[in-house]
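Take a look at the structure set out below.
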Amino acid sequence: MINRVFNSLKYKNTYFLGLLVISLTFFSCGKQRKNLVSRTYHRTTTLFNWYYNGERVWKEGVLQIEGSFKVPPEGFVPILYFGDEQSASAAYGNFDQSIEKAETAIYKHDQDKNVWIDNCRFLIGRNWFYKKDYFLASTNFEYIIKTWPKSRIIPDVKIWLAKTYFMSDRGPMARKLIDEEISKMDLKKRQQGELALLEATMLMKEKDYEGASKILQKNLKNFRGRINRARVHFFLAQMYAQQGKFARAYEHYRKVTRMNTDYGIIFNAKIQSVRLLIENQQGEDDTKKIFRSLKRMLRDDKNVDFQDQILYEIALLEYKHDNFKQAVYWLRESVAASTTNQRQKALSYYKAGQIYFYDLHDFTRAEAYFDSASTSISPEAPEYKVITSIGKTLKEYVSYTHTIHYQDSMVYLAGLSEADQKRQVERIKAKEKQAKMQKEQEDREAENRLNNPNFNDPFNQNKQTVSGFYFDSPEAVNSGRLEFQRIWGVRKNEDNWNRKVKDFVFNNDEPEKKDSVKVDSNLVKEFGDDYKYYKDIPKNEQEIAAAHNDIRNAMFSLGNLFDKKLELPDSAIVVFNKLIKRYPDSEQALKAKFALYNIYSKIDPYLASEYKDQICDKYPESIYCKLLNGEDVFAELNSEMLDFQSAYNALYATFSNKDYKTVLSFSNFLLEKYPKRPEIAQVLYLRGLSYGYLGVKDSLKSCYTRLVKRYPSSEQAPVAQRTLDLMNGTSEATLEKEEPGNKETGDASDLAEEENGESNPMYKGFAKAPKKGERVFVVMLLDKANVESNELKVKISTFNSKLFKNERLSTSIFFYQQKYHLAYISQFNSMELALNYINIAKSDGEINPLFKSDTDRIMFITPNNFKTAYGKKRFEDYYDYYINVILPSLGK
């Protein structure tokens with residue numbers, strides 16, 4: 001065959017040369033051969049057949065993950081982004097294919113002098129890194145460093161190893177690697193940029209944003225990749241904006257907008273730069289300039305999916321100039337334009353609610369917008385607690401005012417003759433018909449607007465209109481809800497809500513089940529379809545008295561709402577005085593006077609004393625008079641004397657009189673009588689303060705722990721948490737929410753029970769079991785005065801190589817609180833294996849003598865627990881948790 005091939009060659013020497021090449025190819029290129037041709041063949045094949053294609057596939061996967069990046073709605077933008085579980089899993093195919101090519105290259109072409117084998121191993125490690133398997137990634141990187149210590153890629157490998165340590169919650173190991181090895185290497189500019197991104201990210205995780213910005217500013221010329229540079233400039237802009245350096249922040253945002261990179265980050269930079277202009281504008285010219293800029297953005301086809309955000313910024317611009325009504329208009333336009341961005345829709349509702357709540361004091365409309373915001377926003381959003389808390393308070397406001405107005409109307413109608421009642425009903429029906437016709441007209445206009453080709457450009461419209469969709473208008477929804485309640489009452493959201501008979505029973509032996517709604521058949525016969533207008537009009541003196549009682553209770557609750565929750569004492573005073581004037585001899589009037597005493601005691605002691613005199617002159621034997629005179633009233637309390645709000649007012653008055661022991665006894669009564677009321681958070685708060693004034697710190701801590709865990713959304717929870725943080729010596733909240741429904745709030749004895757077991761506040765932040773696939777480490781804490789770090793490392797390494805050679809354990813030594821050597825032995829596949837290591841170490845003749853001090857410890861720990869124990873200097877707490885919780889869970 002060879003002869004036939006070369007017969008056509010012109011020269012004889014060419015024939016022999018070709019024969020030689022073919023012979024070398026077939027007979028001299030096995031992996032075991034070390035000649036020049038063999039080495040050249042394996043290097044070339046490794047590079048072009050396997051490594052090049054594997055690297056290309058890996059880059060495609062990385063680009064796919066980068067494409068999933070979105071600027072977070074809150075906080076600083078991340079400058080390093082490796083994707084989440086969802087985006088990583090979408091690129092698994094690329095990474096698996098890349099790993100297969102690299103492993104094939106190693107299998108077929110592994111030679112001592114093949115300079116591309118270490119690159120293939122490096123590629124495998126990077127693929128495992130993006131697959132979130134940090135153990136396999138670090139194993140590959142560590143293998144390269146150990147096997148090819150002089151390889152030209154060692155700086156890159158160590159940088160990626162530091163990234164792996166950081167991403168697997170081994171921050172101290174990453175910091176040690178950077179400080180002791182990487183920082184001392186001669187790095188290229190690209191490598192300096194990668195290291196700067198990692199160090200800045202580590203500082204950001206520690207909330208040291210100032211330090212992160214300094215590192216990034218220093219390395220601006222070293223960053224590679226447009227998206228990396230864009231994220232760096234975006235972060236620096238955010239940092240300067242937070243520091244009030246408007247010009248520098250605007251400069252960095254503008255740099256992002258001029259980059260040819262992902263449009264999502266470009267748009268966010270444009271929006272943020274506009275917001276900077278809004279916040280720092282000076283004069284009418286700046287306002288016009290900003291408005292023109294937003295107008296151009298709104299007309300840009302690239303911003304079709306971002307119009308809701310642009311309209312929101314227009315609303316902020318109007319709000320800045322106190323044009324509240326116009327701001328609300330643009331916020332409604334933003335809601336109408338929101339199709340997929342639920343967070344932006346929630347923010348628009350929220351801002352409109354804030355305007356009605358804080359600026360216009362229109363609480364009915366505010367409630368409608370807060371209610372819409374609460375249904376649109378995610379529970380993980382930072383505004384969620386505020387929105388739901390204020391929304392709940394405003395629902396109470398709407399409920400009380402509706403009750404007052406509606407029952408007033410019913411009492412008024414009851415005093416009319418039948419003919420006058422009929423005339424009033426006809427007027428109401430006429431108004432409803434007119435409103436219905438107006439609504440139909442608005443619906444037609446809205447439909448025409450939707451068909452208008454200029455719908456997405458409101459600047460082209462001389463007439464400003466908003467979305468005609470009913471549920472995009474909180475006022476319309478709220479009005480409809482109130483009208484529904486007027487006609488049907490408060491109904492549960494359930495099937496067949498309008499049926500008198502809820503359940504159809506097919507078993508003739510069982511009676512029908514009916515709800516509590518009673519229908520007056522005589523009224524139905526008399527008035528027909530107009531029945532709904534007459535059904536709530538009182539028919540006799542007893543029903544009229546019941547309506548007045550509803551009004552009195554609603555007025556008192558409304559006054560308390562203004563005073564305690566809305567913090568509007570002037571409005572509370574007006575409501576309470578109206579109640580006293582309208583119903584002077586009622587029980588609610590007495591409670592109102594007591595509430596007025598509490599209000600005026602803070603702002604006008606003279607008026608407070610007048611209300612005290614009125615109470616004691618007219619009701620000398622009342623519990624309120626005795627409270628005001630400092631008498632012990634706890635013995636007189638019983639389950640029927642006080643409603644919750646009155647009892648709480650009495651508790652508060654007792655606390656104001658500094659009678660802390662009575663507060664503790666009084667609060668027991670409330671805890672037992674009203675265990676499920678959300679306002680119990682207020683009781684726990686006063687109870688904790690009383691413990692604090694009495695110097696009982698443990699009970700104070702236990703009480704506030706219960707408050708934060710049971711009522712995390714209450715107004716008192718943040719204050720209680722700050723107190724706990726100060727007592728625990730920490731700077732941030734770490735108490736975990738308890739699963740609802742396990743326990744009800746109890747008395748002081750219940751609170752004391754929480755000091756034992758896993759719920760002990762000292763154990764917060766620790767987990768009993770490792771996560772799925774998570775390895776375990778062994779840690780030794782030894783007094784550094786008793787042993788040198790080098791001696792300690794040698795002894796542990798010798799012990800490991802002697803008894804645990806096949807485990808391939810590694811040892812690192814850190815300082816802890818400047819007093820201890822912290823030996824970190826990694827890593828074990830389970831807690832049982834780690835515990836076996838500890839038991840053998842304790843009996844070893846070289847290791848056991850190292851434990852000389854009473855404070856020396858040995859324990860195993862998961863990466864997450866290590867992060868809490870080491871990062872927050874809480875190894876003493878962890879050791880207690882290890883002894884009292886973890887070991888007992890293993891039966892030890």
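Tabulated values for the structure
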| read-out | value |
| --- | --- |
| All positions within the stretch 375-410 that are open to solvent by less than 30 Å² (accessible area, probe 1.4 Å) and over 24 Å from residue 347 (Cβ atoms) | 401, 404, 410 |
| Subset of the stretch 668-686 (residues that are part of a helix (DSSP H, G or I) and either in contact (Cβ under 8 Å) with a residue 60 or more places away in the chain or under 29 Å from the mean Cα position of the chain (by Cα) (or both)) | 668, 671, 672, 680, 681, 682, 683, 684, 685, 686 |
| Odd one out for residue 250 among (1) closer than 30 Å to residue 159 by Cβ; (2) open to solvent by 40 Å² or more (accessible area, probe 1.4 Å); (3) aromatic (Phe, Trp, Tyr) | (1) |
| Candidates 270, 345, 351, 288, filtered to the one that is open to solvent by 40 Å² or more (accessible area, probe 1.4 Å) and modelled with pLDDT of 85 or more | 270 |
| Among the residues listed as 312, 319, the single one being in contact with a helix residue (DSSP H, G or I) (Cβ under 6 Å, 6 or more places away or on another chain) and open to solvent by 50 Å² or more (accessible area, probe 1.4 Å) | 319 |
| Meets criteria (within 24 Å of residue 724 (Cα to Cα) and either modelled with pLDDT under 75 or out of contact with any Phe, Trp or Tyr (no Cβ under 7 Å at 6 or more places or on another chain) (or both)) for residue 668 | yes |
| Those residues of the stretch 839-867 which are in a helix (DSSP H, G or I) and open to solvent by 20 Å² or more (accessible area, probe 1.4 Å), in sequence order | 839, 840, 842, 843, 848, 849, 864, 867 |
| Given (1) β-branched (Val, Ile, Thr); (2) closer than 25 Å to residue 832 by Cα; (3) outside any strand (DSSP E or B), number of the condition residue 787 does not satisfy | (2) |
| Qualifying residue in the stretch 96-108 (condition: open to solvent by 20 Å² or more (accessible area, probe 1.4 Å), over 25 Å from residue 185 (Cβ atoms), at pLDDT 80 or above and not charged (D, E, K, R)) | yes |
| Residue that is surrounded by the most Cβ atoms within 10 Å (Cβ to Cβ) [pool: residues in the stretch 537-552 that are closer than 18 Å to residue 585 by Cα and touching a residue at least 40 places away in the same chain (Cβ under 8 Å)] | 551 |
| Residue 885, sole failed condition from (1) β-branched (Val, Ile, Thr); (2) out of contact with any Gly (no Cβ under 8 Å at 6 or more places or on another chain); (3) assigned to a helix (DSSP H, G or I) | (2) |
| Matching residues in the stretch 48-89 - criterion: being farther than 22 Å from residue 160 by Cα, touching a helix residue (DSSP H, G or I) at 6+ places or on another chain (Cβ under 7 Å) and either in a helix (DSSP H, G or I) or of a type in the set (A, V, I, L, M) (or both) | 71 |
| Failed criterion for residue 498 (all others in (1) modelled with pLDDT of 60 or more; (2) of a type outside the set (D, E, K, R); (3) more than 22 Å from residue 394 (Cα to Cα) hold) | (1) |
| Single match in 626, 565 (criterion: basic (Lys, Arg), in contact (Cβ under 8 Å) with a residue 60 or more places away in the chain, surrounded by 14 or more Cβ atoms within 10 Å (Cβ to Cβ) and under 25 Å from residue 679 (Cα atoms)) | 565 |
| Unmet requirement for residue 50, which otherwise passes all of (1) open to solvent by less than 70 Å² (accessible area, probe 1.4 Å); (2) at pLDDT 80 or above | (2) |
| Positions within the stretch 868-882 being outside any loop (DSSP other than H, G, I, E, B), surrounded by fewer than 16 Cβ atoms within 10 Å (Cβ to Cβ) and in contact (Cβ under 8 Å) with a residue 24 or more places away in the chain, in sequence order | 871, 880 |
| Pair list, Cβ < 6 Å and 6+ apart or interchain, from the stretch 814-834 residues that are surrounded by 14 or more Cβ atoms within 10 Å (Cβ to Cβ) to residues that are of a type in the set (Gly, Ala, Ser) and not in a strand (DSSP E or B) | 821/789; 828/834 |
| Lone qualifier among 179, 133, 169 - being over 23 Å from residue 776 (Cα atoms) and either over 31 Å from the mean Cα position of the chain (by Cα) or not hydrophobic (A, V, I, L, M, F, W, C) (or both) | 179 |
| Options 246, 267; residue that is in contact (Cβ under 8 Å) with a residue 24 or more places away in the chain and in contact with a Lys or Arg (Cβ under 9 Å, 6 or more places away or on another chain) | 267 |
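Per-residue answers, yes or no, for (1) more than 27 Å from residue 546 (Cβ to Cβ); (2) out of contact with any Lys or Arg (no Cβ under 9 Å at 6 or more places or on another chain); (3) hydroxyl-bearing (Ser, Thr, Tyr); (4) modelled with pLDDT under 85:
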{"position": "383", "(1), (2), (3), (4)": "yes, yes, no, yes"}
{"position": "395", "(1), (2), (3), (4)": "no, yes, no, no"}
{"position": "400", "(1), (2), (3), (4)": "no, yes, yes, no"}
{"position": "404", "(1), (2), (3), (4)": "no, yes, no, no"}
{"position": "428", "(1), (2), (3), (4)": "no, yes, no, yes"}
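A quick yes/no check of all residues on (1) touching a residue at least 12 places away in the same chain (Cβ under 8 Å); (2) within 22 Å of residue 241 (Cβ to Cβ):
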| position | (1), (2) |
| --- | --- |
| 278 | yes, yes |
| 291 | yes, yes |
| 300 | no, no |
| 309 | yes, yes |
| 318 | yes, yes |
| 337 | yes, no |
| 340 | yes, no |
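The values are calculated or read from the model by the stated rules, or taken from the named source; none is laboratory data. Everything numeric in this text was worked out from a predicted model, so none of it was measured. With ideal geometry, Cβ positions are generated from the backbone for all residues, glycine too; neighbour counts draw on all protein chains shown. Ligands, DNA and RNA are excluded from the accessible area calculation, which covers all protein heavy atoms including side chains. Shrake-Rupley method; radii C 1.70, N 1.55, O 1.52, S 1.80 Å.
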